[in-house]
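What follows is one structure encoded as structure tokens, with my remarks underneath.
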Amino acid sequence: MKLPFKRQPGGVAAGAASGPVVLSQRRVYILPTGFGFLFAVTVLLVLLASVNYNLSLGYVLAFLLAGLGLVAMLHTWRNLVRLEIKAGRADPVFAGDSVAVHLLLANNANVDRVSIHLEPAGGLPTTLDLAARSSSVAQVYLPARRRGWLHLPRIRVSTTYPLGLFRAWSWVELSLRALVWPRPENGDAPLPERLSGTGEAGAGGRGTDDFAGMREYHAGDSLRHVAWKALARDGRLLTKQFCGQSGQRLWLDFMLMPRPMDDEARLARLARWVLAAAASGDTYGLRLPNEEVEPDSGHIHRDRCLEALALFRLREAAP
């Protein structure tokens, strides 16, 4: 069967929806389950036996079961129609972990929706219920096998409610991607030595030797430099500034790795160093053959360095 979309080089389907997807009547398909086929055969046998032996109660039972099946088919189909699905967020993870993808489901109907099954291609499924006129967040998990961008695959939304006789389903393609950082190297790789520059102290430097004053807190500043006493006294969030050997900087350099290491092994060690430097509150920079991240500190700087490692020589493939 020809799919209504095609893949582009970046991995995103051309038909992927950036906004909410509403499961219209044309998008919902329905077929009997295995139990449903068995149920149909049973009804047919009851009907044939009633015809053969002229059993009035057999006719009643056969038509009652057939009507029950038709009503079940209608409820199964209606359980999906007009359901709204929207992409939420997907937080970055390290290669080898699972990405938790958040999906927002909205039920704008006046009836409850029961046993909605979400199954991403190649991922772990989940099931949830939605009350009438409500919304909920569902999580599906995808394996992150390699660094770079992980694009959300097609999701099959299905249900067999209420009797399991029929399965209604629809395919949903959402525009969402998650960043996969390189897996940090195992073990305790010591950080490289700081590189010395002029070695001259100055009040405008960003060293950590002598206290030089305070400034307003900026997002991403190291918590080690937050003036907690000033916060308790005046209620102002300030960051301590220091002066010292401003020429000494910690550089995490891709090219200074041992020659036998391949690119992925170097990225793994750099990821380990970034985490170690961030945990210690150091000011550090990252040097790659195609990019340089100036020295800084804080969790925002850490994430920026990890993103540079994740997309190393892959940026041209990003959509």
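The values are calculated or read from the model by the stated rules, or taken from the named source; none is laboratory data. Everything numeric in this text was worked out from a predicted model, so none of it was measured. Methodologically, a virtual Cβ is constructed for each residue, glycine included, from the backbone with ideal geometry; neighbour enumeration extends over all protein chains shown. Only protein heavy atoms, including side chains, enter the accessible area calculation; ligands, DNA and RNA are left aside. Shrake-Rupley method; radii C 1.70, N 1.55, O 1.52, S 1.80 Å.
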Residue check: is Asn54 on the phi > 0 side of the Ramachandran plot and either open to solvent by less than 30 Å² (accessible area, probe 1.4 Å) or not hydroxyl-bearing (Ser, Thr, Tyr) (or both)? yes
So Ser50 fits all but one of (1) more than 14 Å from the chain's Cα centre (by Cα); (2) within 30 Å of Arg302 (Cβ to Cβ); what number is the exception? (2)
Filtering the stretch 74-116 down to residues that are open to solvent by less than 20 Å² (accessible area, probe 1.4 Å) and either assigned to a helix (DSSP H, G or I) or farther than 16 Å from Ala178 by Cβ (or both) yields Thr76, Asn79, Leu80, Val81, Leu83, Ile85, Leu105, Ala106, Asn107, Arg113, Ile116
Hey, does the stretch 182-201 have a residue that's open to solvent by less than 40 Å² (accessible area, probe 1.4 Å) and either within 30 Å of Ile85 (Cα to Cα) or modelled with pLDDT under 75 (or both)? yes
Step by step: first the residues of the stretch 117-136, then only those that are hydrophobic (A, V, I, L, M, F, W, C) and under 16 Å from Ala178 (Cβ atoms), then the one that is most open to solvent (accessible area, probe 1.4 Å). Which residue is that? Leu124
Please find, within the stretch 279-305, the residue that is nearest to the chain's Cα centre (by Cα) out of those that are over 12 Å from Leu252 (Cα atoms) and of a type in the set (A, V, I, L, M). Ile300
Which residues, counting only those in the stretch 22-39, are surrounded by 15 or more Cβ atoms within 10 Å (Cβ to Cβ), modelled with pLDDT of 95 or more and in a helix (DSSP H, G or I)? Gly36, Phe39
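Is it fair to say Leu252 is surrounded by 18 or more Cβ atoms within 10 Å (Cβ to Cβ), modelled with pLDDT of 95 or more and under 24 Å from Val93 (Cα atoms)?
On the way: surrounded by 18 or more Cβ atoms within 10 Å (Cβ to Cβ): yes; modelled with pLDDT of 95 or more: no; under 24 Å from Val93 (Cα atoms): yes.
So Leu252 fails the test.
Output the residues belonging to the stretch 284-302 that are of a type outside the set (A, V, I, L, M) and either on the phi > 0 side of the Ramachandran plot or open to solvent by less than 30 Å² (accessible area, probe 1.4 Å) (or both).
Of the residues in the stretch 284-302, the ones of a type outside the set (A, V, I, L, M) are 284-285, 287, 289-292, 294-299, 301-302.
Selection gives Tyr284, Gly285, Pro295, Ser297, Gly298, His301.
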Would you check which residues across the stretch 117-142 are within 13 Å of Thr159 (Cβ to Cβ) and assigned to a loop (DSSP other than H, G, I, E, B) and list them? Pro125
